[in-house]
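Visitor: Please find one structure pasted underneath; my questions will follow.
The values are calculated or read from the model by the stated rules, or taken from the named source; none is laboratory data. Here the structure is a predicted model, which means the values were calculated and not measured. Reconstructed Cβ throughout: ideal geometry from the backbone, glycine too, with neighbour counts over all protein chains shown.
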Amino acid sequence: MKALQGANLAVRFLVLELGALAIAAYWGYESAEGVLRWVLAIGAPLLVAAAWGLFVRHSPRPARRCSRSGSPRSLSSAAR
């Protein structure tokens with residue numbers, strides 16, 4: 001099962017994430033002329049990667065739930 005999960009992550013990274021960056025670079029290159037063509041071809045993938053990192057970043061482990069360790073009842077039992 002771990003091998004299948006690893007293969008799934010590799011395909012997701014190679015095809016989806018790098019593909020999205022390649023599409024952004026292609027769009028930037030094809031949408032302008034001259035120097036702006038190269039600025040967009042380099043800047044668009046950087047902008048997509050920055051947005052991806054901010055809003056869709058991958059968490060290595062699930063978020064922890066808040067515990068009731070700070071409740072008065074648990075504090076009184078800890079003092080005993």
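Visitor: For segment 43-60, does any single residue satisfy the condition of being at pLDDT below 85, over 13 Å from the mean Cα position of the chain (by Cα) and assigned to a loop (DSSP other than H, G, I, E, B)?
Guide: The answer is no; no qualifying residue exists.
Visitor: Based on this model, can you work out whether TRP27 counts as modelled with pLDDT of 90 or more and either in a loop (DSSP other than H, G, I, E, B) or in contact with a Leu (Cβ under 9 Å, 6 or more places away or on another chain) (or both)?
Guide: For TRP27, the condition - modelled with pLDDT of 90 or more and either in a loop (DSSP other than H, G, I, E, B) or in contact with a Leu (Cβ under 9 Å, 6 or more places away or on another chain) (or both) - is met.
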